[in-house]
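*Asks:* Dropping a structure here in structure tokens format, bear with me for questions.
Taken together, the values in this text are just the output of simple stated rules run on the coordinates, not laboratory data. Here the structure is a predicted model, which is why all the values come from computation and not from measurement. Quick reminder, even Gly has a Cβ in these numbers, built from the backbone with ideal geometry, and neighbours come from all protein chains shown.
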Amino acid sequence: MNFLLEAQKVVKDFGGLRAVDHCSIGVEKGTICGLIGPNGAGKTTLFDLLTGFYKPNAGSVYFKGQRIDGLEPHEICLKGLVRTFQIARELKNMTLLENMLLAPKGQLGEHLGYAIAQLPKVLSLEKENLVKARQILEIVGLRRLESELATNLSGGQRKMLEVARALMTDPEMLLLDEPTSGATFEETRKLMDYIETLRRDQGLTFLVVEHKMEVIMNLCDKIFVMNNGQKLTDGTPREVQQNRQVIEAYLGA
Amino acid sequence: MLSIATIVAIYSILTLALNIRWGYTGLLDFGIAGFFAIGAYTSAILTSPPSEELVFGVRHSLGFGVPFLGGLLAAAAAAAIVAYLIGIPTLRLRGDYLAIMTIGLSEIFRYVAVNEKWLTRGSQGIRNLPRPFSGYSNLLDSLFYFFLVLAILLILYFISQRIYNSPLGRVLKGIREDETVTEALGKKIFKFRMLAFVSGAAFAGLAGSLWAHYSGSIMPHEFVPDITFLIWVSLTIGGSGNNKGAILGTLVLIGILQQGTRFLPTIEGYTYLIPGLRLIVIGLLLILCLRFRPQGLIPEKAVRLEKKS
Amino acid sequence: MLALSIGFGIITGGVLALAALGLSLLFRTVKFINFSYGDVLALGAYLTFFFNVTLGLPLLVSAIVGMFFTGIVGVIIHKAVVKPLREGVKAGPLTLLIATMGVAFIIRNLILLIWGPEPKMYTVATQEAMKIGPFLITPIQLLAIVISVLIMVLIYLLLQYTKLGKMIRATADNIDLARIRGIRTESVVVWTWMISSGLAGLAGVMLGLMGAVDLHMGIEMLLVIFASVIMGGIGNPYGAVAGAMIIGIAMEVSSAFGLSEYKAALAYLLMGVILLLKPKGLFAR
């Protein structure tokens, strides 16, 4: 089974507490997978492990066949794996466009010499990124707010911005941490459609942490269930729905 | 008047330097005075006429007679190099610790300046620093020097603005706003912090050289944390994050308060009265500004993303 | 010779420990670094001078009164600067650091205006150094160490066993939780400022006794105090005490080896090394 992203028996301890306990998951390219579990199950910590914000105490993480545990977060992003955060981390005092334009990789203008000289190459790159940013903002319905400071957005809009911004890094895979929390029904549906479109048209792969069951059930090809740091089970939405242990975990939580 | 203008211009460069570190990138830096000193001393040591002398009984060969321009460039380079070396260990520290470390380092520079007499002539300082236009009359000399400083200020302003409006500036601001996200988006935080730190140092070093030659002589006790304090208040009042604000703030603070009050009468026997009062007022200004107008006189403007065609 | 330095180091460390304890306690509760702490220390020394020399009160009384008023100054800083900033513009720790830098300059220059730039001395009889084992020490210095230790023990008892102490610890650990549990956190914060500043004032008096009361004593000590606090692990008051002792002894011993001008620089370097290797300090909680 060829996984785009794979975690093999990863462990994360914080002092005496084991937040992630020999968790193994594998996500195939072009799929949309879900990660569910009660609060405190370790989902966000797993994301942190997958994207380099924490180093696992044991186990390993592979992306595109290469070992990535132990790399810095920015290095992992450059390889094509990007994440969003559970609590939206918009760059408050910057406009939406600035938030978006921060993300793209390979911006020549980030080097001191180029920044000062602002050669035509730099300017045209900017323009390209600007066009792309506007396209994405248009799709997620935030285009008209492009010059607003990010701090003025609503909760759901902020999460939308997180996703849009992540897309600007030209990723192959996105890890989305509760992308629809705080979103309206409309916004949620729009995001779900967008994710589906991205998968279909661009072959992007997704791993999504979600609490809204209708999102998970309708969107995901495969679901991983975590509880107490361990992976309880995985399977199709139907399988997971009928799994006894899963039901108990949620009721017992 | 001219001397006030020159001083304001030189200090403005320092404020621009702090703005790059704090205003753009959010690096809490209390050590600007240290890089100012390094620049001043580097330039002074290099440009002093060569001399063998006995200083406190120590045989002392100081000065290489390097022309002014050389001193200027060397000052910037020296400050930048030192910043780079210091930055490697310290830029990984969190905000408030960095602040303390930077003061500590700035104080260490001062100790070195005082104690390493073989290098810096100790507390006596270095005198007789050459001015590039000393061939002309006093008035013309000062005038030309002012224009020189002004020219350099404008160039540095231009460079700062360019950085601000560029993708680089965006990354720096991203680091200021939320380092974790910026890192998650693929930017190597350490590299950019270092860039800001070293750039700020180079600016400060330049200012130091300009100061040394304006002043004609330098002594270690000039480079005290008070300078850092004044620059901070200038930036805060003017508008942190904003280069125009930085210059305006410096103009207001240094120009009006610091130098303008020079002309108030001194009371016999209480020569410290005016300077003391001045600093108290400045301190109060800082606190009031933070409380009532934290964005400063000129708030940070949103970046212009498209060139006007 | 070495023993002598260690002896001086213990004395310096003892005074430093008082100051470090105060700063550490304050940081634990208010969660930002108070940049004016050093100048509050100096103010304490000067206030005591006022009572001792200007008003002619005996030294011990002056010190106690001085301590008390220094504590009040701390409370004023809280009420006039920190609280308005926190509530008015939701100032974070970095902003408060900058603001207290302003306070530091204000205090330092107030001292300058009121007392002038000349160093001052307390009225106290000239001291004969006694020999205790390998150490050389004057009665005043001995008294200073004894009082320091006494005060530290008192603070420990206060924190562990009294109601106020428990409230302080609860507020320091989690201010919101403490408020929910009915603790009047504002009072606790005020008390913490009072105690912390009082400690600073006392340290200032001791420094003044052993050297002179000088305008710049605050800023000179501040970084060394920081070094102690950070070394011991910021937020750990007892670690701060240990850090202070280590730094005090290190400073004096290095002085014996001919590096006396760089005494303070050594402290910063030590602090830097610790920050790099063990950023949480030697005795992190």
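*Asks:* Restricting to the protein assembly as shown, what percent of DSSP beta bridges are antiparallel, rounded to 5? Please report the intermediate quantities before stating the final value.
*Replies:* Working: 31 of 47 bridges.
Among the beta bridges of the protein assembly as shown, antiparallel pairing accounts for roughly 65 percent.
*Asks:* Please report, in whole Å, how far the alpha carbons of the stretch C:82-183 spread along each principal axis, starting with the longest.
*Replies:* 55, 41, 22
*Asks:* Put +1 on the Cβ of each Lys and Arg and -1 on the Cβ of each Asp and Glu in the stretch C:27-151; which of C:Leu85, C:Gly74, C:Ala144 then has its Cα farthest toward the positive end of the dipole?
*Replies:* C:Leu85
*Asks:* Still on this model: So, counting K/R as plus one and D/E as minus one, what does the shell of residues with Cβ under 13 Å around A:Gln66 add up to? The partial results should precede the final answer.
*Replies:* Numbers: positive: A:Lys64, A:Arg67, A:Lys79; negative: A:Glu6, A:Asp69, A:Glu75, A:Glu172.
Cβ neighbours under 13 Å give a net charge of -1.
*Asks:* Can you compute the helix-only [θ] at 222 nm over the protein assembly as shown? Use -39500 (n - 2.57) per DSSP H run of at least 4 residues, normalise by all residues, nearest 500 deg cm²/dmol.
*Replies:* Values: 34 runs with 500 residues, N = 847.
About -19000 deg cm²/dmol.
*Asks:* Give, rounded to the nearest 20 debye, the magnitude of the charge dipole that the stretch A:91-152 has about its Cα centre when Lys and Arg contribute +1 at Cβ and Asp and Glu contribute -1 at Cβ.
*Replies:* Values: 8 positive and 7 negative charges, 21 e Å.
That gives a dipole near 100 debye.
*Asks:* What is the order of A:Lys190, C:Lys90, B:Lys187, fewest Cβ neighbours within 10 Å to most? The partial results should precede the final answer.
*Replies:* Working: A:Lys190 18, C:Lys90 9, B:Lys187 26.
If I rank by nearby Cβ atoms, fewest first, I get C:Lys90, A:Lys190, B:Lys187.
*Asks:* Under a GNM of chain A (C-alpha, springs under 10 Å), which listed residue has the highest mean-square fluctuation: A:Lys127, A:Lys105, A:Lys222?
*Replies:* Among A:Lys127, A:Lys105, A:Lys222, the largest mean-square fluctuation in the Gaussian network model of chain A belongs to A:Lys127.
*Asks:* Sorted by mean Cβ packing within 10 Å, highest first, what order do the peptides B:195-206, B:289-300 take? Each step should come with its number before you reach the end.
*Replies:* On the way: B:195-206: 28.1, B:289-300: 17.4.
Top of the packing list down: B:195-206, B:289-300.
*Asks:* Name the residue from A:Gly155, A:Pro179, A:Ile139 whose Cα lies farthest towards the positive end of the charge dipole of the stretch A:98-253, charges +1 on Cβ of Lys and Arg and -1 on Cβ of Asp and Glu.
*Replies:* Farthest towards the positive pole: A:Ile139.
*Asks:* Cα axis of helix A:155-167 to longest principal axis of chain A: angle in degrees, 0 to 90, nearest 10?
*Replies:* Tilt of helix A:155-167: around 80 degrees.
*Asks:* Let me ask something else. Put +1 on the Cβ of every Lys and Arg and -1 on every Asp and Glu Cβ in the protein assembly as shown; which of B:Val8, C:Met206, C:Tyr46 then has its Cα farthest towards the positive end of the dipole?
*Replies:* B:Val8
*Asks:* Taking the Cα centre of chain C as origin and charging only Cβ (+1 Lys, Arg; -1 Asp, Glu), how large is the dipole, in debye to the nearest 20? Show your work: numbers first, answer last.
*Replies:* Values: 19 positive and 11 negative charges, 228 e Å.
It comes to approximately 1100 debye.
*Asks:* A further question on this structure: How big is D for the protein assembly as shown, in µm² s⁻¹ as a whole number, if Stokes-Einstein is applied with the Kirkwood radius of its Cα pairs at 20 °C and 1.002 mPa s? Show your work: numbers first, answer last.
*Replies:* Working: Rh = 29.7 Å.
Calculated translational D: 72 µm²/s.
*Asks:* Would you tell me the mean number of C-beta atoms belonging to other protein chains that fall within 10 Å of each C-beta in B:89-98, as a whole number? Kindly include the intermediate steps, with their values, before the conclusion.
*Replies:* Details: counts 4, 3, 0, 3, 4, 3, 5, 11, 8, 1.
That works out to 4 on average.
*Asks:* May I pose another question? Where both partners of a DSSP beta bridge lie in chain A, what percent of those bridges are antiparallel, to the nearest 5?
*Replies:* Values: 21 of 37 bridges.
The antiparallel proportion sits near 55 percent.
*Asks:* Still on this structure, I have one more. What does the charge add up to near C:Leu269, with Lys and Arg as +1, Asp and Glu as -1, over the other residues with Cβ less than 13 Å from its Cβ?
*Replies:* Numbers: positive: C:Lys263; negative: B:Glu107.
Its environment carries a net charge of 0.
*Asks:* Sticking with this structure for a sec: For A:Asn227, what residues show an amide H to amide H distance below 5 Å, using hydrogens built from the backbone and excluding near sequence neighbours?
*Replies:* For A:Asn227, the qualifying residues are A:Leu232.
*Asks:* Another question about this same structure. Can you give me the C-alpha center-to-center distance between the stretch C:142-170 and the stretch C:62-79, rounded to a whole angstrom?
*Replies:* 18 Å
*Asks:* Counting partner chain Cβ atoms within 10 Å of every residue's Cβ in A:97-109, what's the average? It would help to have the intermediate numbers written out before the result.
*Replies:* On the way: counts 4, 8, 5, 0, 4, 11, 8, 3, 3, 1, 7, 3, 9.
Other-chain Cβ atoms within 10 Å of each residue's Cβ, averaged: 5.
*Asks:* Applying the Karplus parametrisation 6.51 cos²θ - 1.76 cosθ + 1.60 with θ = phi - 60° to the phi angles of the stretch A:86-99, what ³J(HN,Hα) value in whole Hz is obtained for each residue in order, glycine and proline being reported as x?
*Replies:* Along the stretch A:86-99, the couplings run 4, 9, 3, 10, 7, 7, 4, 8, 10, 6, 4, 4, 5, 4 Hz.
*Asks:* Give, rounded to the nearest 20 debye, the magnitude of the charge dipole that the stretch A:130-253 has about its Cα centre when Lys and Arg contribute +1 at Cβ and Asp and Glu contribute -1 at Cβ.
*Replies:* On the way: 16 positive and 19 negative charges, 21 e Å.
With Lys and Arg at +1 and Asp and Glu at -1, about 100 debye.
*Asks:* Follow-up question, since we're still on this one. Peptide C:27-37: average number of partner chain Cβ atoms within 10 Å per residue?
*Replies:* Details: counts 1, 0, 0, 0, 0, 1, 5, 0, 5, 1, 0.
Mean shielding count: 1.
*Asks:* Can you tally the net charge around C:Pro84? Count Lys and Arg as +1, Asp and Glu as -1, for every other residue whose Cβ sits under 15 Å from the Cβ of C:Pro84. List each step's numbers first, then the result.
*Replies:* Details: positive: B:Arg291, B:Arg293, C:Lys79, C:Lys83, C:Arg86, C:Lys90; negative: C:Glu87, C:Glu186.
Every neighbour counted, the sum reads +4.
*Asks:* Still on this structure, please answer the following. Check which residues have an amide H placed less than 5 Å from B:Lys188's amide H, if you skip close sequence neighbours.
*Replies:* none
*Asks:* Nearest 10 degrees is fine. How inclined is helix C:263-277 to the longest principal axis of chain C, computing both from alpha carbons?
*Replies:* Here the helix axis deviates by roughly 40 degrees.
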